[in-house]
Amino acid sequence: MSTLKLDLENYKELMQQYIETQDEQALYQAEQFSKHSMQQNISPEEIINVHVQSLQHLYPDMPEHIRSSLDFLLETMISYGLAYQEYQSLRERQLELKSEISVAANMQKTLLATEKPEIEGLDVGAISIPAKQMNGDYYHFVKDDSGALGVAIADVVGKGVPAALCMSMIKYSMDSFPENRMDPGVILGSLNRVVERNVDSSMFITMFYGLYNINNHTFRFSSAGHEPGYYYDSKQDYFEEIDASGLVLGVSPEATYEQCTKEVHVGDMIIMLTDGVTECRQGDRFIEEDEVLEIIKQYAHLPAQETVEHVYKHFERLQDFQLRDDFTLIILKRKV
Amino acid sequence: MNLTIDVTNKEKITTVSLAGEVDAFTAPKLKETLLPLTKESGQTIEVDLQEVSYMDSTGLGVFISALKSTKEHDTALKLIQMQERVYRLFKITGLTEIMDIDNTVRGGM
């Protein structure tokens, strides 16, 4: 309390100085006093208390009704001071949480990291940008010994931290599948049982899983309720939707997944995406599917990685750099 | 955009009429209304989606948990008058196969 005593003297002098001279300097000092009080966690009602005491020293015969009104003010400021303290501690808590989430987001990046494969004859481009700190979209590449490339693209419903945790579960389940059982339909069936057992009832995952066979250039795929992908036929300059029927992961343990096969010709592309791409909005207007495909075509002559990056930049600009949803786009282009 | 929820009851059928958008902001409110209804044994809950212009995947999540709940509590869920854009979402996700969706009266966009 000794510092407060000192401050009391200080405050009294300042106040007196100001009352007598109306000096700006005293006001400046008052501001310093206020800042110093905040640093020392001195509550507003304590400052008022100091003010009242100073007044009493300077004007011992202060009228009774003024004295009462100051007591009244003091009482009023007590609840204000409490609310302010609470606000301060919430602010600190919020900063803590924010830094914890950013640690989690970094950890997610490390956990879910997947390397874009280098495969002779196949040009691969992939981009995934979260709308918020944590990404609810996910893609994963697996290369097996026989020269087949497995590609998974997924979207977890329910955003943020729970979605991210769920993604890690998916990734580690996929890693644990034996490599000789890379059939898309079988993989989705197994994942479905894992998700169904382990997530909250309103959470689900959509996933498209494709297997590119580099030896005969066929693409086998299954979909668990995911946005359809596209096949671009470069000779005829034509996009075709590629989709297979199947229920989203995590809803029914009995779900089965249709498996389709598509032959891939030289110069053609397979495009996989999430609804963050197809549900872009410009103001209140939804972007139509044709517009998305038009933009992809516009950049299709570039290497696949540059194509996906340009398409992303285009839609980011269109939405004023404010993504509403996580955005993931993968392109596989047969070179030779 | 907001979501208005209107619940009416006629014997064994409870009708939930929705108007607006079902997205991450409005889905919790819908869940709060819809889920308790699915727990009253013997009831059929009809959700009228004629005035719903947009639904995102969070909205789908609500209907999925409602469906799971109907199986646990011996109730039924039926979605009626869905707009084209919303129907597409149920179709892609495979939910049209496992949900009772009346798609005969579908409003345009």
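The values are calculated or read from the model by the stated rules, or taken from the named source; none is laboratory data. Bear in mind that the values here come from a model prediction, so they are computed numbers and not experimental data. All Cβ positions, even for glycine, are placed from backbone atoms using ideal geometry, and neighbour counts span all protein chains on display. The protein model used for the area step is the full one, side chains on, heavy atoms only, and it has no ligands, DNA or RNA in it. Shrake-Rupley method; radii C 1.70, N 1.55, O 1.52, S 1.80 Å.
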Proximal lysines to B:Lys78, defined as alpha-carbon separation beneath 17 angstrom and excluding residues fewer than eight positions away on the same chain: B:Lys10, B:Lys12, B:Lys31, B:Lys39, B:Lys68, B:Lys91
Summed buried accessible area for A+B [probe radius 1.4 Å, Å², rounded to 100]: 1700 Å²
Per-residue SASA entry for A:Leu191, accessible area with 1.4 Å probe, Å² rounded to 10: 0 Å²
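Rg(Cα) of the protein assembly as shown divided by 2.2 N^0.38 Å?
On the way: Rg = 30.9 Å, N = 445, 2.2 N^0.38 = 22.3 Å.
Here the answer is 1.38, to two decimals.
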Semi-axis lengths, Å, segment A:2-92, gyration tensor of Cα atoms, sqrt of 5 times eigenvalues: 24, 18, 11
Charge-dipole axis of the protein assembly as shown as Lys and Arg at +1 and Asp and Glu at -1 on Cβ define it, positive-most pick from A:Asn10, A:Val50, A:Ala131: A:Ala131
Phi-based couplings in Hz for segment A:15-28 (Karplus 6.51, -1.76, 1.60; Gly and Pro marked x): 5, 4, 3, 5, 4, 7, 10, 6, 7, 4, 4, 5, 5, 4
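So what is the accessible area of the protein assembly as shown per residue, in Å², with the probe set to 1.4 Å?
For the protein assembly as shown, the solvent-accessible area averages 52 Å² per residue.
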Members of segment A:199-237 that become less accessible by 50 Å² or more once partner protein chains are added (1.4 angstrom probe, chain alone as reference): A:Ser201, A:Ser202, A:Phe204
Cross-link reach list, lysines versus A:Lys12, counting only Cα pairs under 24 Å and skipping chain neighbours closer than eight places: A:Lys35
Net +/- balance of residues flanking B:Ile98 in space, Cβ distance below 14 Å, scoring K and R +1, D and E -1: 0
Occluded residues from segment B:32-63, i.e. those whose accessible area drops by 30 Å² or more once the chain is not alone (1.4 Å probe): B:Tyr54, B:Ser57, B:Gly61
Sulfur and carbon atoms: percent of accessible area, chain A [1.4 Å]: 52 percent
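Can you tell me what percent of all Cα-Cα pairs in segment A:77-117 are more than 16 Å apart? Walk me through the intermediate numbers first.
Details: 477 of 820 pairs.
Here the tail beyond 16 Å accounts for 58 percent of pairs.
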Relative contact order of chain A, pairs being alpha-carbon contacts under 8 Å that are 6 or more residues apart, as %: 17 percent
Sequence ranges B:42-53, B:25-36, ranked by mean other-Cβ count within 10 angstrom, highest first: B:42-53, B:25-36
Mean projected area in nm² (Cα convex hull; one quarter of hull surface) for segment B:3-102: 5.4 nm²
Taking only Cα atoms of segment A:43-115, radius of gyration then Dmax in Å: 23.9, 82
Probe 1.4 Å, all protein chains present, accessible-area order of A:His226, A:His265, largest first: A:His265, A:His226
10 Å Cβ neighbours from other chains, averaged over peptide A:247-253: 5
Added length on full extension, which subtracts the Cα-Cα distance from 0.36 nm per residue, A:Ser168 to A:Asp145: 5.8 nm
Per-bin percent of Cα-Cα distances, segment A:184-336 [5 Å]: 2, 9, 18, 18, 18, 15, 12, 7, 2, 0
Residues of type lysines that A:Lys143 reaches as a straight line, Cα spacing below 26 Å, ignoring anything fewer than 8 places off in the same chain: A:Lys109, A:Lys116, A:Lys171, A:Lys262, A:Lys333, A:Lys335
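Using unit Cβ charges (K, R positive; D, E negative) and no other charged atoms, how large, in debye to the nearest 20, is the dipole of segment A:1-147 about its Cα centre?
Working: 11 positive and 24 negative charges, 41 e Å.
That gives a dipole near 200 debye.
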